[in-house]
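Written out below as structure tokens is the structure these notes cover.
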2 protein chains.
Amino acid sequence: MGMVMTMVNYPIKKAPPAKTSVSVANRGMDLEEAINQTNEYYVSNDVAHIYKKPIPIQVVKVDYERRSAARISEAYYKVPSTTDYNGIYRGRYIDFEAKETRTKTAFPLKNMHEHQVVHLESIRRHGGIGFIIVQFTLLGKVFLLDAEHVSAFWKRGEEGRRSIALVDFETLGRQIPEGYVKRLDYLKVVDEYYFSK
Amino acid sequence: MGMVMTMVNYPIKKAPPAKTSVSVANRGMDLEEAINQTNEYYVSNDVAHIYKKPIPIQVVKVDYERRSAARISEAYYKVPSTTDYNGIYRGRYIDFEAKETRTKTAFPLKNMHEHQVVHLESIRRHGGIGFIIVQFTLLGKVFLLDAEHVSAFWKRGEEGRRSIALVDFETLGRQIPEGYVKRLDYLKVVDEYYFSK
């Protein structure tokens, strides 16, 4: 099994977010942090209202020293039931999942849960916009790929060996521009891909 | 300060969910449970894809006995940044907050956070559908009230004393029908209120 770093599942061995200097390619930047900062920019400029959903946690034990300050003393991470991000943009429902990979040639689909693929498919069918954002960390490139393509790749090949090649992201997807104010301006790609038809 | 039971904030003193018999008026039913069950019905019948967001929790300490089974040993509830529920229905973005009250004549607005009211207002402005669902537990009645009205009531009166009267829910909002298969069929009201114009 190749070592693939998924950043979205559990914040167990998360690298600290990049602070001051960011290389041109933003190598090693924390994808979640970049998306969250971009979403904050979108919200505060009233461009879109898209948020990361909290990580679902099963609380088992809570201590109440004071009623107002409950301290959770036993809890476990749960598998998310949908995708990580959703919200509204230009009147449309937006829904996506974000993943990092350290491979250089393909994104292994074992990083996705089947129910997430099914969920994104449902969103499309109901008139929403669904996609994945994948960061090839070692290449310093981030792509957006529409849910329709994700489903198609999911249905191909053997379970556990499915993947989406870098070249497929380059031809079927769009690279997301990175910057300083809008660190990962994925709505620019959404404009081009979904609103210019 | 009157005793008001809010069910959505923290699952601290939550009553066990109603199991078998439900009175005609569904008195004392757990609003969150009723909405979750209804949402499951909507999802499994592909009517809508609306989910409750997980409760945000700040994780402070995690024990790793095995890498796959992380045990959270210290964590705290955080204030949610948006509303509890969102998703897609008939191509539209849907966003709402659900609250219970045990008062009989009005819903005290101290049960809402200001940023939630602002959030629902933003959703409307961006072409989404935003509302609150309020259960008057002792009356056995549940209402849907559009975000525009919520904002208007929020702007009236003194902080800490603001409320929305039952009669306002009856005239400006819509009562949500309750049933067995769809326990709280709020999309029926959404159809009438937002899609029949």
Legend entry - Test for A:Val181: is it β-branched (Val, Ile, Thr) and either assigned to a helix (DSSP H, G or I) or surrounded by 16 or more Cβ atoms within 10 Å (Cβ to Cβ) (or both): no
Inset, instruction - Hey, could you check segment A:81-93 for residues that are of a type outside the set (Ser, Thr, Tyr) and facing chain B (nearest Cβ under 8 Å) and say which is nearest to A:His115 (Cα to Cα)? - result: A:Asn86
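Of A:Leu166, A:Leu144, A:Leu172, A:Leu187, which residue is over 23 Å from A:His119 (Cα atoms) and surrounded by 12 or more Cβ atoms within 10 Å (Cβ to Cβ)?
A:Leu166
Restricting the search to segment B:178-197, which residues are of a type outside the set (S, T, N, Q) and more than 16 Å from B:Phe131 (Cα to Cα)? Working first, answer last.
Going residue by residue through segment B:178-197, those that are of a type outside the set (S, T, N, Q) are B:178-195, B:197.
Within segment B:178-197, B:Glu178, B:Gly179, B:Tyr180, B:Val181, B:Lys182, B:Arg183, B:Lys197 meet the criteria.
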Legend entry - Complete set of residues in segment B:99-133 that are away from chain A (no Cβ under 14 Å), crowded, with 19+ Cβ neighbours inside 10 Å and not hydrophobic (A, V, I, L, M, F, W, C): B:Lys99, B:Glu100, B:Thr101, B:Asn111
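Name the residues in segment A:79-98 that are hydroxyl-bearing (Ser, Thr, Tyr) and either buried (at least 24 other Cβ atoms within 10 Å of the Cβ) or touching a Gly at 6+ places or on another chain (Cβ under 8 Å) (or both), would you?
Our first condition is that a residue be hydroxyl-bearing (Ser, Thr, Tyr); within segment A:79-98, this holds for A:81-83, A:85, A:89, A:93.
A:Thr83, A:Tyr93 - these are the residues of segment A:79-98 that are hydroxyl-bearing (Ser, Thr, Tyr) and either buried (at least 24 other Cβ atoms within 10 Å of the Cβ) or touching a Gly at 6+ places or on another chain (Cβ under 8 Å) (or both).
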Inset, instruction - Please find, among B:Lys104, B:Lys110, B:Lys99, B:Lys141, the residue that is modelled with pLDDT under 95 and not β-branched (Val, Ile, Thr). - result: B:Lys110
Inset, instruction - Determine, yes or no, whether B:Ser73 is of a type in the set (S, T, N, Q), within 12 Å of another protein chain (Cβ to nearest Cβ) and within 21 Å of B:Ala147 (Cα to Cα). - result: no
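One residue is enough: does segment A:140-147 have a residue meeting the conditions over 17 Å from A:Leu187 (Cα atoms) and away from chain B (no Cβ under 14 Å)?
Yes, there is a match, as at least one residue in segment A:140-147 is over 17 Å from A:Leu187 (Cα atoms) and away from chain B (no Cβ under 14 Å).
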Legend entry - Pairs with Cβ under 7 Å, 6+ apart, first in segment B:178-197 and closer than 14 Å to B:Ile94 by Cβ, second among the aromatic types (Phe, Trp, Tyr): B:Leu187/B:Tyr42; B:Leu187/B:Tyr89; B:Val190/B:Tyr89
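From the list A:Val118, A:Val62, A:Val43, exactly one residue is over 21 Å from A:Ile133 (Cα atoms) and either within 17 Å of the chain's Cα centre (by Cα) or at pLDDT 60 or above (or both). Which is it? If you could, list the steps in order and put the result at the bottom.
On the way: A:Val118 fails: over 21 Å from A:Ile133 (Cα atoms); A:Val43 fails: over 21 Å from A:Ile133 (Cα atoms).
After applying the criteria, what remains is A:Val62.
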Legend entry - Sole exception among (1) touching a strand residue (DSSP E or B) at 6+ places or on another chain (Cβ under 9 Å); (2) over 24 Å from A:Pro80 (Cβ atoms); (3) within 10 Å of chain A (Cβ to nearest Cβ) for B:Phe136, by number: (3)
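Consider B:Val190 carefully, then state whether it is part of a helix (DSSP H, G or I), among the β-branched types (Val, Ile, Thr) and within 14 Å of the chain's Cα centre (by Cα). Talk me through it step by step, then tell me what you get.
Numbers: part of a helix (DSSP H, G or I): yes; among the β-branched types (Val, Ile, Thr): yes; within 14 Å of the chain's Cα centre (by Cα): no.
Taking the combined requirement at face value, the residue does not satisfy it.
Can you tell me which residue among B:Lys78, B:Lys61, B:Lys52 is farther than 30 Å from B:Asn111 by Cα and more than 7 Å from chain A (Cβ to nearest Cβ)?
Working: B:Lys78 fails: farther than 30 Å from B:Asn111 by Cα; B:Lys52 fails: farther than 30 Å from B:Asn111 by Cα.
Every option except B:Lys61 fails the conditions.
The values are calculated or read from the model by the stated rules, or taken from the named source; none is laboratory data. The model shown is predicted, which means the values in this text are computed figures rather than measured ones. Glycine also receives a Cβ, built like all others from the backbone with ideal geometry; neighbour counts cover every protein chain displayed.
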